[in-house]
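Student: Pasting in a structure now, in structure tokens, and then I'll have a few things to ask.
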Amino acid sequence: MKVVRGAHATRRDPLQGLAALRSEVTRALGTLLSPGLAAWADLRNRPPTFAAYREYLRGAEQLPGDEEGAALHLKAAFALDSTLTSALVLAADALAAADEMGPADSVTRLLEPHRRQLTPYERYRLDECRALIRGDNEAASENALLALGVMPGSTDAILNAAGAALNTNQPREAVRLLSEVDPEHGWLRGWEHYWWMLTSSDHMLGDYRQELVDARRGRRLFPQLLPTLANEIRALAALGRIDEVQRDLDEGATLQSWGWFTHLFLMVMTGQELRVHGHEAAAQRVFDRALTWYAALSPRDRQADEWAYGGLLGALGRWKEASVLYEKVWAADPHNLQAAGRAGEAAAAMGDHRGAMRVAAVLEAWPGPYRLGLETEGRARIEAALGDRERAVSLLREAFAQGRVYTVYTHWSIRGLWRYPPFLDLLRPKG
């Protein structure tokens, strides 16, 4: 590898090249210290200044988690060195992954004048990001595969393509891609999300025994994390192994919440999995346990967990209480499409046809960009609660085309559609 490209000075003033030499050395050193970054951004051929590289690392270290904070550092890196276009591509990608589509769109516009200097990998990732912003998940998945094609063997590219496959209901393809990396070595050893992706793919394929095997591999690596325990519980619930589900829930009570993945959400998820797989009595016991848990929370913790509590109320058919909660959330945040959809669903479930149709009309006329099918999914919830399952599935199919993603929770997320054949057809894996 060429360490420095050369720094020139005159015999009369030999020190004038020192600053340039120092810059070249720090560029090369940054490349050596972070070979993964070098591969992603082609740093061996165009290494950035060290100051820009440092800002890049500061941004990358905040991912995933603080996408907006990371984007600030990544944009600062580009401002320090306009050859570091990968910083903006990564910033846009991170913001889009966090559903921050407005800020992501702004970053992609900054890249427009620099498109010709992007590497092929960067161009495909940028095009993937643009597809996500406009809600075209199929195009995003295609660009993820094209990016992998020009960076074969790249862990980043493989995981990105696997995530895109999962979002477009291709869990078999996701499993194939995930099998190409080693999750027990390197930086993946500390990335618990790999196990959610793998077990979610197993579950969407209906391979619950393999899901349990994979979940327990993940738990051996992350025994203290609530989400990895949830992966195991999800498989056990689908398999009907009720005693083991209860044992794991007892263990979960001793673990800490993990961001939005709280104990209450774990219990709601567990109850819904048990119910949709035909274990109603066990599901009711878990829902009762969740009510007891919620009642013991402090007012502050209740506030933080109110979205999961709304899901619990809906699961129990306590729609009047759910309606009050969702209307409150919607009033506090009038741009919250999910709260609006849930409020309409609650009205429909209570038999308030006029109220439900009022919300549906608001959702249908919702202005502004970056809706990503949330308004259409809300209308599907309302139609399902009103009993028009055919219309609900049609709207849900439209919502997926507009940007909603398939997840491991989709099969139980709309109660009125469980076991409805057209809904099951919609969720049948494409690949």
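The values are calculated or read from the model by the stated rules, or taken from the named source; none is laboratory data. It should be emphasised that the depicted structure is a prediction, and the values quoted were computed from it without experimental measurement. As a convention, Cβ positions derive from the backbone with ideal geometry for all residues, glycine included, and neighbour counts pool all protein chains shown. Note: areas computed on protein heavy atoms with side chains; ligands, DNA, RNA excluded. Shrake-Rupley method; radii C 1.70, N 1.55, O 1.52, S 1.80 Å.
Student: Among what's in the stretch 393-408 and is closer than 13 Å to Asn137 by Cβ and hydroxyl-bearing (Ser, Thr, Tyr), pick the residue that is most open to solvent (accessible area, probe 1.4 Å).
Tutor: Of everything passing the filter in the stretch 393-408, Thr407 is most open to solvent (accessible area, probe 1.4 Å).
Student: Would you mind stating whether Glu375 is closer than 18 Å to Ala347 by Cβ, touching a residue at least 12 places away in the same chain (Cβ under 8 Å) and exposed (fewer than 15 other Cβ atoms within 10 Å of the Cβ)?
Tutor: Judged against the criteria, Glu375 is not a match.
Student: Okay, next question. On the basis of being surrounded by fewer than 20 Cβ atoms within 10 Å (Cβ to Cβ) and under 17 Å from Leu212 (Cβ atoms), does Pro223 make the cut?
Tutor: Answer is yes for this residue.
Student: Now for a separate question. Under 7 Å between Cβ atoms, at least 6 apart or on separate chains: pull out the pairs that start in the stretch 261-281 with a residue that is more than 11 Å from Leu249 (Cβ to Cβ) and end on any residue that is in a helix (DSSP H, G or I) and among the hydroxyl-bearing types (Ser, Thr, Tyr).
Tutor: Partner pairs satisfying both residue conditions: Leu264/Tyr294; Leu264/Tyr309.
Student: I'd like to verify a number: residues in the stretch 311-356 that are part of a helix (DSSP H, G or I), touching a residue at least 24 places away in the same chain (Cβ under 8 Å) and open to solvent by less than 70 Å² (accessible area, probe 1.4 Å), how many?
Tutor: So the first thing to find is which residues in the stretch 311-356 are part of a helix (DSSP H, G or I), and the list is 311-315, 319-332, 337-349, 353-356.
Going one step further and asking which of them are touching a residue at least 24 places away in the same chain (Cβ under 8 Å), we end up with 311-312, 314-315, 319-320, 322-323, 337-338, 340-342, 344-349, 353, 356.
Right, trim to open to solvent by less than 70 Å² (accessible area, probe 1.4 Å) and you get 311-312, 314-315, 319, 322-323, 337, 340-342, 344-349, 356.
Here the count works out to 18.
Student: Given (1) at pLDDT 90 or above; (2) among the small types (Gly, Ala, Ser); (3) touching a Phe, Trp or Tyr at 6+ places or on another chain (Cβ under 6 Å), where does Gly30 come up short, assuming only one miss?
Tutor: (1)
Student: Looking only at residues that are touching an Asp or Glu at 6+ places or on another chain (Cβ under 9 Å) and open to solvent by less than 30 Å² (accessible area, probe 1.4 Å) in the stretch 409-431, which one is nearest to Pro171 (Cα to Cα)?
Tutor: Gly431
Student: Just checking, how many residues over the stretch 89-117 are surrounded by fewer than 17 Cβ atoms within 10 Å (Cβ to Cβ) and under 15 Å from Asp156 (Cβ atoms)?
Tutor: Counting residues in the stretch 89-117 that are surrounded by fewer than 17 Cβ atoms within 10 Å (Cβ to Cβ) and under 15 Å from Asp156 (Cβ atoms) gives 1.
Student: Here are some conditions: (1) out of contact with any helix residue (DSSP H, G or I) (no Cβ under 7 Å at 6 or more places or on another chain); (2) within 23 Å of His335 (Cβ to Cβ). Ala399 meets all but one. Which one does it not meet?
Tutor: (1)
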